[in-house]
Amino acid sequence: MIVMKFGGSSVANAERIRYVTGIVKPLLDQKPVLVLSAMGDTTDHLLEAADHALKGIVSIETIENLHKQTIKELGLDAQVLQEVDALLSELKSLLVGISLIKELTNRTKDYLVSFGERLSIRIAASYFRTAGIKAKALDAWDAGFRSDANYSQAEVLSEAWESIAKTLIPLVDSGVLPVVTGFIAKDSQGNITTLGRGGSDLTATLIGSACKAQEVQVWKDVDGILTADPRLVKTARPVEVVTYEEAAELAYFGAQVLHPRSMQPCIATGTTVRVKNSYNPAAPGTRIVSKLDGQTGPVRAITSKKNVTLVDIVSSRMLGQYGFLAGVFEAFSAHKISVDMVATSEVSISLTLDAAHDLGALKRDLEKIASVTIKEKKAIITIIGDVRRSSEILERAFGVCSTLGVQVQMISQGASKVNISFIVDDAEAPQVVQGLHRAFFEA
């Protein structure tokens, strides 16, 4: 068995659904399970419809037009049109309710956005059947997904692993192609929940892990994980293989790959994940595995994360004193501000934060115990690779910065042992990434 997850851009319209059918059909002998996102920008349109409903305006015209036009272009039968009409009627009733009570709770929002995936799988499965594929549309809860009631950020319950396997394995063994909604589940009370950021990828990896799939394929619009952002580096190329840990670091520091949370099920079972390009299916993509086998270069990829704030905290009282670090991080906890990178010395702490935070109150609290300097418009440059070769990596990286005349303002070698990160000015980040890419991949 393999699991194939297609995002919204891959099923955005009739043309893309036909294209996905062409990808899936040659792989039927591998017993695929499909996980689909909502079509195109449908989730955004649903949230816009809710905003309008709160103002007393109920309209689903954009959503209705997209799905009915797709049905028409695909030449689908009356049955799927009836199913879609029923869902659209249910959606409209929900929006009328929102407009009347003038309230949108997280539970209602989860119910609202679920319509995108529920519409998508019914249309896609219907078209697969016209192409001679024995497809069956399944809402996630009908595929065994049960979650807690933490709406908008629900966690799938451990008992769901068994129910997912019991539901899907017999279907694929009988020659059926299950087409499952990504991103959603139901709690014990029967309320629809959403799985939060990376939720559709998480649906796919949960299925793959629960069913002991050979591979989970996540189909995106790039040829896999790239050595750098192609918008910055025109010569960026796909990385053949990375570890789960490396992929998680890449995602955290700005690369558009799987969210770290979505990889957890496969980490637990050692299931291989492959990132593929739905616009270029012949490309081999990038494999994400537990452990690398064979020789690789010192660096796997380079990322940058812009618009970062650097905070320097200095106090001579820190010298030889216990409890100082605890006091600093208690202040961050009190203001609910999370820290990205940290570097410490005997009398100072440097750390980075997302620039979206208002730091006025935090600065006042920290100044009770230390001198505080806040520097904005910084960027984190992260080198993902074999940190056992850190001396070689650092020598070449700092040589690049020296040649470019760029001052490194902070450095951190993560406990993960797969990343080295350092801080430069925002404006310098593109040239640093380009210079590092030349040094490690083009020399």
In this structure, does residue 91 turn out to be in a helix (DSSP H, G or I) and buried (at least 20 other Cβ atoms within 10 Å of the Cβ)? yes
Restrict the check to region 322-337 and report whether at least one residue is outside any loop (DSSP other than H, G, I, E, B), at pLDDT below 85, more than 28 Å from the chain's Cα centre (by Cα) and surrounded by fewer than 16 Cβ atoms within 10 Å (Cβ to Cβ). yes
Within region 92-107, the residues that are free of Cβ contacts under 8 Å to residues at least 40 places away in the same chain and either polar (S, T, N, Q) or in contact with a Phe, Trp or Tyr (Cβ under 7 Å, 6 or more places away or on another chain) (or both) are 93, 94
How many residues are assigned to a helix (DSSP H, G or I), in contact with a helix residue (DSSP H, G or I) (Cβ under 9 Å, 6 or more places away or on another chain) and either at positive phi or of a type in the set (Gly, Ala, Ser) (or both) when one looks only at region 1-32? 4
Would you point out the residue of region 114-145, among those that are more than 15 Å from residue 33 (Cα to Cα) and not in a helix (DSSP H, G or I), that is most open to solvent (accessible area, probe 1.4 Å)? 132
Subset of region 29-58 that is within 17 Å of residue 70 (Cβ to Cβ) and polar (S, T, N, Q) - its residue that is most open to solvent (accessible area, probe 1.4 Å): 43
Looking at region 97-110, is at least one residue among the polar types (S, T, N, Q), at negative phi, surrounded by fewer than 12 Cβ atoms within 10 Å (Cβ to Cβ) and in a helix (DSSP H, G or I)? no
Could you list, in sequence order, the residues of region 65-81 that are open to solvent by 20 Å² or more (accessible area, probe 1.4 Å) and part of a helix (DSSP H, G or I)? 65, 66, 68, 69, 72, 73, 78, 79, 81
Exactly one condition in (1) over 12 Å from the mean Cα position of the chain (by Cα); (2) open to solvent by 20 Å² or more (accessible area, probe 1.4 Å); (3) modelled with pLDDT under 95; (4) farther than 20 Å from residue 233 by Cβ is false for residue 274; which is it? (3)
Pair list, Cβ < 6 Å and 6+ apart or interchain, from region 203-221 residues that are over 16 Å from residue 275 (Cβ atoms) to residues that are of a type in the set (S, T, N, Q): 209/269; 209/271
Test: residue in region 339-351 that is without any contact (Cβ under 8 Å) to a residue 12 or more places away in the chain and open to solvent by 10 Å² or more (accessible area, probe 1.4 Å): yes
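Residues checked against (1) open to solvent by less than 10 Å² (accessible area, probe 1.4 Å); (2) under 23 Å from residue 338 (Cα atoms); (3) at pLDDT 95 or above:
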| position | (1), (2), (3) |
| --- | --- |
| 364 | no, yes, no |
| 367 | no, yes, no |
| 388 | no, no, no |
| 392 | no, no, no |
| 403 | no, no, yes |
| 412 | no, yes, no |
| 421 | yes, yes, no |
Could you look through region 281-309, keep only residues that are closer than 22 Å to residue 236 by Cβ and in contact with an Asp or Glu (Cβ under 6 Å, 6 or more places away or on another chain), and pick out the one that is most open to solvent (accessible area, probe 1.4 Å)? 306
If you check every pair at least six apart or on different chains, which have Cβ atoms under 6 Å apart with a residue in region 25-51 that is more than 24 Å from residue 62 (Cα to Cα) first and a residue that is surrounded by fewer than 21 Cβ atoms within 10 Å (Cβ to Cβ) second? 30/2; 31/1; 31/172; 32/2
Has region 244-260 got at least one residue that is among the acidic types (Asp, Glu) and in a loop (DSSP other than H, G, I, E, B)? no
State whether the residues of region 260-270 include one that is open to solvent by 10 Å² or more (accessible area, probe 1.4 Å), more than 30 Å from residue 353 (Cβ to Cβ), touching a Gly at 6+ places or on another chain (Cβ under 9 Å) and β-branched (Val, Ile, Thr). yes
Criterion: closer than 27 Å to residue 12 by Cα, out of contact with any helix residue (DSSP H, G or I) (no Cβ under 6 Å at 6 or more places or on another chain), open to solvent by less than 40 Å² (accessible area, probe 1.4 Å) and of a type in the set (A, V, I, L, M) - qualifying residue of 247, 251, 228: 247
Region 47-64 - residue that is part of a loop (DSSP other than H, G, I, E, B) and small (Gly, Ala, Ser) and, of those, nearest to the chain's Cα centre (by Cα): 59
Tell me, which strands (runs of 3 or more DSSP E) lie completely within region 146-198 with 3 or more residues that are open to solvent by less than 40 Å² (accessible area, probe 1.4 Å) and among the hydrophobic types (A, V, I, L, M, F, W, C)? 177-181
Within the bounds of region 42-64, is there any residue that is polar (S, T, N, Q), over 17 Å from residue 16 (Cβ atoms) and out of contact with any helix residue (DSSP H, G or I) (no Cβ under 8 Å at 6 or more places or on another chain)? no
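The values are calculated or read from the model by the stated rules, or taken from the named source; none is laboratory data. Computed from a predicted structure; not experimentally measured. Every residue, glycine as well, gets a Cβ built from its backbone with ideal geometry; the counts of neighbours run over all protein chains shown. Ligands, DNA and RNA are stripped out before the accessible areas are found, and what is left, the full protein with its side chains, is counted by its heavy atoms. Shrake-Rupley method; radii C 1.70, N 1.55, O 1.52, S 1.80 Å.
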